[in-house]
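Notes to accompany the following structure.
Please treat every number below as a calculation from the coordinates, not as lab data. Just so it is clear, the structure is predicted and the values come from calculations on it, not from any experiment. Using ideal geometry, Cβ is built from the backbone for each residue, glycine included, and neighbour counts are taken over all protein chains shown.
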Amino acid sequence: MKTLITLFLVLAASASLRAQESSETFYQVRLEDQATGHGVMLRPATTMTSSYTLTWPASIPVFGSPTEIKALTVNSSTNFSWSNMAQLNGSAGQVGYFTSASEMTGSPSLTWDNTNARLTLTSAIAGPALSLTKSGVQTTLSTGLTVENLSTATTTGANKVALNVVSTGAILDTNRGVSVNVAGGSVNYSATFTGGNVGIGTSSPNTSLDVNGTWAVRELNFTGSLSSGNTFNNNVDFGSTNAASYVRIGTSMSASWSLTGLVGGFDGKRIDLYNASGHVLTIKNENTGSSAANRIRTSNGGDIVVNNGAMVGLIYSANESRWRIFSLSPLNVQTLAGLSNVTTVAANTVLPVSTSSYIKITNTSSNYQVLLEDGIVIGQICVIHNVEASTKDISFKTNSPTNIAGVSASLNSVGPGMAYFFVWDGTYWQLISRKS
C-alpha cells in the first residue's frame with residue numbers, strides 16, 4: 001500500500017497511453033492546506049467486508065439561489081449525485097416547516113414544549129388557525145378528530161376537561177363558541193351525549209339537561225291545504241315529518257274540521273298545535289282514518305274540541321304507539337266567555353257551547369227543540385238564555401240520543417226571559433240552576 005501526501009504524479013505518456021483507463025491503490029489520501037499544513041485524510045474502514053465503487057457526478061451542480069446548499073448523496077447504484085440540503089433557520093422549541101424545497105424554518109406561533117409534551121399554536125389571521133380535512137370513501141366508522149383525556153387523579157378538586165372551548169374578545173358581530181353543520185346522512189345528529197349531564201348557563205348541571213336561562217321552540221306557521229266538514233284529516237304532516245314542535249295552524253278554514261292522527265311520532269316527542277284556522281278543530285279519538293301508530297288517544301275515550309284561538313299539546317307514547325294529549329286551552333269557563341247571539345231560531349238546532357259559555361236565543365217562530373254540543377272539559381259551565389224579546393218557548397232535547405240530563409218536564413218549556421245553567425260532567429250536561 002502506498003501513501004500519497006500532497007503529491008500528484010502526472011505521467012506524461014503517449015496519446016494511446018493516456019487514453020487507457022488506469023487505477024492505483026492507496027491506503028489513504030491526504031488533502032493538505034498549503035498555508036497551514038493541516039489536512040484531511042480519506043481512508044477506508046478497517047472493518048470492510050467487501051469492495052465497492054462510488055461514481056462521482058458528471059458536472060458541478062446548478063444552484064437556484066445564492067443561499068442554496070447542495071450535498072453529495074449516494075443512490076442504490078452507488079452513484080454520487082447532487083441533492084438539495086435544507087437550511088435550518090428555526091429557534092429552539094419551534095416546530096419546523098419547509099418554506100421552499102431547500103429551506104426549513106420555524107415560527108413562534110407553532111412551538112413544542114418537550115418538558116410538558118405540549119404543542120401550542122397561536123394565530124391572528126381571519127381564517128381558521130387549524131384546518132383538518134378528511135376525505136375518501138369509507139366502509140366503516142369514519143372519525144375526523146378524536147380527543148381523549150385519560151388522566152387520573154386521587155385528590156379532591158382535580159377536575160378534568162377533555163375539550164375546553166373559549167371564545168372571547170370584543171367583536172361587533174356574532175360570536176359563536178361552536179358551530180356545527182351536519183348533512184348528507186340518512187340520519188344526521190349534530191351531537192350525541194352518551195354520558196353525563198348537559199348544562200346551559202350553568203357549570204353544575206343536576207339533570208340530563210339543566211337550563212339556567214330562557215329557552216324557545218320556534219313557531220311553524222302552517223298554511224297548507226286541510227279538509228273541513230265530514231272529510232277528516234288523516235296522517236297529517238305539517239312539514240318534514242312533523243319536525244316542528246310548535247305549529248300554528250294558519251290555514252283559513254270555511255267550517256269546523258277534524259284531525260285523526262299525526263305522522264312522525266317517536267318516544268317522548270311533543271307537538272303543540274295552535275288553532276288559528278278560524279273554526280273549531282276536533283281531535284278524533286282512535287279514529288281508523290289514520291294509521292295505527294299515528295292515531296290519537298284521549299284520556300276519556302271521547303273526541304276533544306279545540307276552539308279557534310286555543311291550543312292543544314300532544315306527546316307520543318312509544319309503549320302505546322299513540323299520541324296522547326297532555327294539555328288543552330281553554331280549560332275553564334272564563335276562557336269561553338265569547339257571547340253567541342242566536343238571533344233567530346228557525347228550526348231545531350245544535351247550540352255552539354264549545355265556543356261560547358253564554359248563548360242568547362231569540363225565538364219568534366215556533367216551539368223549537370235545541371241540543372247542546374259536547375263540552376270541552378269536565379266542569380265547563382254554559383248558560384242558555386231565551387231572551388225577553390222572544391214570543392215562543394224552546395225546549396231541550398232529552399230523549400235519546402241526547403247529551404242533556406235532567407227532569408224532562410223542567411227542560412221542555414223554556415219561555416221568554418228564562419235562562420238555564422248547565423255543567424258538563426264528561427258525558428252529559430247537568431242542569432244546575434235556572435232563572436224564571
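A few remarks follow.
- Likely footprinting exposure, Trp257, Trp82, fewest C-beta neighbours within 10 Å first: Trp82, Trp257
- Option label - log10 I(q)/I(0) by the Debye sum over Cα atoms at q = 0.06 Å⁻¹ computed here, alternatives (i) -0.59; (ii) -0.33; (iii) -0.24: (i)
- Qualifying trypsin sites (Lys or Arg not before Pro) for the range 152-259 [loop in DSSP, other Cβ within 10 Å: at most 10]: Lys160, Arg176, Arg218
- Each Lys or Arg adds one and each Asp or Glu takes one away; over the other residues whose Cβ falls under 15 Å from the Cβ of Ile404, this sums to -1.
- DSSP beta bridges in the chain [antiparallel fraction, %, rounded to 5]: 55
- Straight Cα distances below 28 angstrom link Lys397 to the lysines Lys284, Lys360, Lys435, with same-chain residues fewer than 8 positions distant left out.
- Per-residue Cβ neighbour counts within 10 Å put His279, His38, His385 in the sequence His38, His279, His385, beginning with the fewest.
- Whole-number D in µm² s⁻¹ for the range 219-329, Kirkwood Cα-pair radius fed into Stokes-Einstein, 25 °C, 0.890 mPa s: 181
- By the Cα gyration tensor, the range 333-435 has an equivalent ellipsoid whose semi-axes, rounded to whole angstrom, run 20, 15, 12 from largest to smallest.
- Residue-wise HN-Hα coupling along the range 202-219, computed from phi with Karplus coefficients 6.51, -1.76, 1.60 (Hz; x: Gly, Pro): 8, 9, 10, x, 9, 10, 3, 9, 10, 10, 9, x, 8, 8, 8, 10, 5, 7
- Computed per residue of the chain from DSSP H runs no shorter than four, each worth -39500 (n - 2.57), the mean residue ellipticity at 222 nm is -500 deg cm²/dmol.
- Ranking of Val306, Val161, Val182 by neighbouring Cβ atoms within 10 Å, starting from the fewest: Val161, Val182, Val306.
- Global form of the range 244-299, assessed from the alpha-carbon gyration tensor, a/c cut-off 1.5: oblate
- Alpha-carbon centroid distance for the pair the range 170-197 / the range 22-78, whole angstrom: 61
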